[in-house]
Amino acid sequence: MDKLIIRGGEPLLGTVHISGAKNAALPCMAAALLTDEPVILENIPQVRDIQTTRNLLAAMGAEVELGYGRAHHRTTIHCKNLASPEASYELVKTMRASTLVLGPLVARCGRARVSLPGGCAIGSRPIDLHIKGLEQLGAKITQDHGYVEATADRLKGAEIVFDKITVTGTEDLLMAATLAEGETILQNAAREPEVADLAALLNKMGAKIEGAGTATIRIKGVSKLKGAKHRVIPDRIEAGTFLIAGAMTGGDLNIAGCDPAHLGAILGKLKEVGVKTKSTADSVRVMGDNPFIAADMSTEEYPGFPTDMQAQFMALATQAEGASVITENIFENRFMHAQELVRMGANIKIEGRRAVVRGKTPLSAAAVLASDLRASASLVLAALVADGETIIDRVYHIDRGYENIEEKLRAVGAQIKRIGEMFPKKAAPARA
Ligand code: UD1
């Protein structure tokens, strides 16, 4: 298993280029299941979850082609014949977002069999809302041997009100509804930019969707979708992570190729903490040359502060003067990075869904364990300002969602290297 070794203390200076959004790329890849024509996707990040999705689609009979050289961020997916509309436990256990194939498969093939994701490091993460919504669209659902099986002759449009806002649940039902007979209205839908990006692709494929990016999405079902070409949006979580890295290290970093319009809550919170930023249409410059002040933060659905940035914000809070109260509203068990940050010298107390971080505390290097994707990012951030050499184990978590993180950090001045084990073990299930 690879480890990252980081020597702290270097300010990050220069420009870092943001990759395509993993969480937009995953549903866009699943959308290719809805047509027998090729779908060409650009700006696909080269991360582990994308590789898992390629394997998942290929196992169903899709032809998945990768671009080479300068086009290595392009993926062409051609689902001409779907021999086996199934997602096995082996694939779903490593990436919960595999459940995104459920809706498109039942809509296109009339049948889908997908492993239930089970528990996960950051909480229970059920898929009951995906299942309930598909039932409302007329699918018959059964569950046995850890699998959910959905069948339908043709799905029928319906009005679906989500009990709780769910990002992949909205995406799953949005995809399913494109091929349903009649109109579907999704109420209390997720408003994340990744949902709007998926709808943009689906509309290029011939779907009739209005309102994606708002809480009410209207979909007029069509009988067939066609191929399309689409460039996925930049990764707002990667951009936010580098913004905090620039700030914490007292650097001067230009975050290029991002969409500041998607970073509103993050930029607002950084301003409250005292971090100076300057945005253009597609970049943000962060200047971390002043002291930070503690600020409370609660995670919320978009456009609120993203849960996927909570761990990174906690790392920043350790370097702010005063007490920051961080409330995690989306997942019940998403503070596992806190105990590792404490081992590096942070003062953090957890009470249920609340973490109280008291700063500023100097951080000192230690051997730490990454527990999930975004938790590992917070440990990298802490290591960048810690005194000495931090060793981060289980970095396969970070490889699921950050493209070339060590190359990108090294290019702007971080002292970071990756070491592999001589006798690599099989990666354990990882979800975030
Ligand atoms: C997506 C993101 C993930 C992010 C999360 C919240 C992808 C691939 N992943 O995950 O990075 O952290 O949104 O912004 O886009 N819930 C239910 N029943 C369901 C579905 C969800 O109770 O059927 C609950 C979950 O347990 C959680 C909350 O709803 O408490 C939100 O989860 P959801 O938005 O579904 O997260 P994901 O789509 O899995």
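Read the figures in this text as sums done on the coordinates, not as results from a lab. Values in this document were obtained by computation on a predicted structure and should not be read as measured data. Note that each Cβ is placed from the backbone with ideal geometry, even for glycine, and that neighbours are counted across all protein chains shown.
Worth a mention:
Results for (1) of a type in the set (S, T, Y); (2) more than 16 Å from the ligand (Cβ to nearest atom), shown as yes or no for each residue.
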position: S298; (1), (2): yes, no
position: Y302; (1), (2): yes, no
position: A338; (1), (2): no, yes
position: G352; (1), (2): no, no
position: A370; (1), (2): no, no
position: S376; (1), (2): yes, no
position: T390; (1), (2): yes, yes
position: R400; (1), (2): no, no
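- Selection of region 56-75 for residues being surrounded by 17 or more Cβ atoms within 10 Å (Cβ to Cβ), within 16 Å of L33 (Cβ to Cβ) and not hydrophobic (A, V, I, L, M, F, W, C) yields only T75.
- Pairs with Cβ under 6 Å, 6+ apart, first in region 245-273 and free of Cβ contacts under 8 Å to residues at least 24 places away in the same chain, second assigned to a loop (DSSP other than H, G, I, E, B): E272/A295
- Test: residue in region 108-119 that is within 16 Å of the ligand (Cβ to nearest atom), aliphatic (A, V, I, L, M) and in a strand (DSSP E or B): yes
- Residue in region 205-224 that is within 21 Å of T76 (Cβ to Cβ) and surrounded by 19 or more Cβ atoms within 10 Å (Cβ to Cβ) present: yes
- Only listed residue being surrounded by 16 or more Cβ atoms within 10 Å (Cβ to Cβ), among the hydrophobic types (A, V, I, L, M, F, W, C) and within 18 Å of the chain's Cα centre (by Cα), chosen from V106, V92, V114: V92
- Close pairs (6 angstrom Cβ cut-off, 6 or more residues apart or separate chains): part of a helix (DSSP H, G or I) in region 77-94, among the aliphatic types (A, V, I, L, M) anywhere: L91/L56
- Yes/no for L201 being crowded, with 21+ Cβ neighbours inside 10 Å, part of a helix (DSSP H, G or I) and touching a residue at least 12 places away in the same chain (Cβ under 8 Å): yes
- Taking region 308-330 as the range and being surrounded by 20 or more Cβ atoms within 10 Å (Cβ to Cβ), within 16 Å of the ligand (Cβ to nearest atom) and of a type outside the set (G, A, S) as the test, the residues that pass are D308, M309, Q310, Q312, F313, M314, I326, E328, I330.
- Scanning region 20-59 for residues that are of a type in the set (S, T, Y) and either away from the ligand (no atom under 15 Å from the Cβ) or touching a Phe, Trp or Tyr at 6+ places or on another chain (Cβ under 7 Å) (or both) yields a count of 1.
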